[in-house]
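> Mind looking over this structure? Questions follow.
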Amino acid sequence: MMAKKASVEKKSKRTCYSVVIVPQYEGRAHQFKVSRLAIYSVITIVILFFSGFAYAMAQNTQLKNTVAQYNGMGLDQVVRLQATQLDAANEAISTSNTEVTALKKYVDYLGTLDAKVRKTLGVSSNVSLASILKTTATPTLSVSRGLGEAATQLSTSTAVVQKEAQTREKNLIVLQDAASKYNSILAETPSIWPLYGLITSAFGWRSNPFGGSSSEVHDGVDIAAPYGTAIRATADGTVVQVGWNGTYGISVTLYHRNGIETLYGHMSRMAVAAGQTVKKGQVIGYEGLTGRTTGPHCHYQVIINGTAVDPMTYLN
């Protein structure tokens, strides 16, 4: 019995530790017994606690780094996007500035050309040339430009200049059309002298140049000049008659437009052929005294729809 009790105490000594707490100055000491298992358990808990704390700190640091990395990537994307938008806006503004400058130059050009056309036609700026020749042309200038939102103000300015350019171009095209028609009409209308000299017989009733008391209707004007003087077409036209022509001797007849014709008689020789197109001022023959004449001169007629009219109305 005693041997068994001694064995238990010896085993207890091996599995337990005594903790003695002794006061520094006075008092009774306290002794506690702590088993080895309890000590190991406490150590294990402490190790697990610090390991968990370290792991949590590591995970927190990694999470912060990840968030910072993602935030950096997002910021970089925003910066790139804003840079792209800024470049697009700058390009739109540059394009708009270029268009505004070009359109302003175009408007200035149209204004200059407008003034030149009006000066050529001899009309003031408050006269509509459309009414001169009853022009009804309505050309348009279609210009479409798309600009970025960053260039809205300049785009509006461009639209204003475009509208002005459109109006100017419409007016200019009307002017050009009117000027073209006017110049064409002027070129095909007898308006210059066939030759310069002395008018020896006017249009209308006159005494018979060959004597006697009778009178006759003179259907043109006689212009005397030195023999062989060049005779020129008084307007653009086509030669419809050339050669001998009865009392007119050697003559040339030109057709101009809208039933208007001119006849040049008593030539010494011709310088054109039938069917030939001639220009105003072009030499078509030379003065002579062929046909019924009392001396060298050019008999000049203006004929409208088959009826002779006074040529002086058409001579400057």
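> Less than 10 Å Cβ to Cβ from GLY281, Lys/Arg counted +1 and Asp/Glu -1: what total charge do the surrounding residues give? Don't skip to the answer; put the middle values down first.
Working: positive: ARG232, LYS279, LYS280; negative: ASP236.
Charge balance near GLY281 sits at +2.
> Same structure, new question: Full extension from VAL22 to LYS64: what is 0.36 nm times the residue separation minus their Cα-Cα distance, to one decimal in nm? Intermediate results must be reported in sequence, preceding the final value.
Details: separation 42, 0.36 × 42 = 15.12 nm, distance 4.96 nm.
Separation in residues times 0.36 nm, less the Cα-Cα distance, equals 10.2 nm.
> Quick one: if you stick a label point 7 Å off each Cα along the C-beta vector at ALA83 and SER215, how many nm between them?
Simple spin-label model gives 10.2 nm for this pair.
> Show me 291-303, 265-277 ranked by packing, highest mean number of other Cβ atoms within 10 Å first. Can you show the working numbers first?
Values: 291-303: 19.8, 265-277: 16.8.
So the peptides 291-303, 265-277, ranked by packing, come out 291-303, 265-277.
> Excluding GLY111 itself, calculate the net charge of residues whose Cβ lies under 13 Å from the Cβ of GLY111, where each Lys or Arg counts +1 and each Asp or Glu counts -1. Walk me through the numbers before you get to the answer.
On the way: positive: LYS104, LYS105, LYS116, ARG118, LYS119, ARG168; negative: ASP108, ASP114, GLU164, GLU169.
Charge balance near GLY111 sits at +2.
> Amide H neighbours of TYR286 under 5 Å, counting only residues 5+ apart in sequence or on other chains, H built in-plane at 1.01 Å?
HN-HN under 5 Å from TYR286: ILE231, SER268, ARG269.
> Of the cross-linked pairs LYS104/LYS163; LYS181/LYS279; LYS116/LYS279; LYS116/LYS170; LYS119/LYS181; LYS116/LYS181, which ones have a Cα-Cα span greater than 19 Å in the structure shown? Don't jump to the answer; show the numbers that get you there.
On the way: LYS104/LYS163 11 Å; LYS181/LYS279 16 Å; LYS116/LYS279 24 Å; LYS116/LYS170 16 Å; LYS119/LYS181 16 Å; LYS116/LYS181 16 Å.
LYS116/LYS279, as the Cα separations exceed 19 Å there.
> What FRET efficiency comes out for TYR255 versus ILE199 if R0 is 30 angstrom and r is the Cβ-Cβ distance? Round to the nearest 0.05. Don't skip to the end; give the middle numbers.
Values: r = 25 Å, r/R0 = 0.83.
Efficiency computed from Cβ-Cβ geometry: 0.75.
> Once you place label points 7 Å from the Cα toward the Cβ at GLU91 and ALA273, how far apart are they in nm?
Result: 6.5 nm between the two label points.
> So, one more: In the neighborhood of PRO209, defined by Cβ-to-Cβ distances under 15 Å, what is the net charge if each Lys or Arg adds +1 and each Asp or Glu adds -1?
Numbers: positive: ARG206, ARG292; negative: GLU216, ASP219, ASP222.
Once positives and negatives cancel, what remains is -1.
> Looking at the range 214-316, what % of the alpha carbon pairs are farther apart than 19 Å? Let's see the in-between values first.
Values: 1904 of 5253 pairs.
In whole percent, the share of Cα-Cα pairs in the range 214-316 beyond 19 Å is 36.
> Tell me which residues come under 5 Å, amide H to amide H, from THR189 once H is placed; ignore anything under 5 positions away on its chain.
For THR189, the qualifying residues are ASP236.
> Order these peptides, 307-314, 39-46, by their mean beta-carbon neighbour count within 10 angstrom, highest first.
Details: 307-314: 14.9, 39-46: 10.5.
The packing order, highest mean first, is 307-314, 39-46.
Throughout, read-outs are computed from the coordinates displayed, never taken from laboratory work. None of these values were measured; they are calculated from a predicted model. Neighbour counts are summed over all protein chains in view; Cβ atoms, including those assigned to glycine, are modelled from backbone coordinates with ideal geometry.
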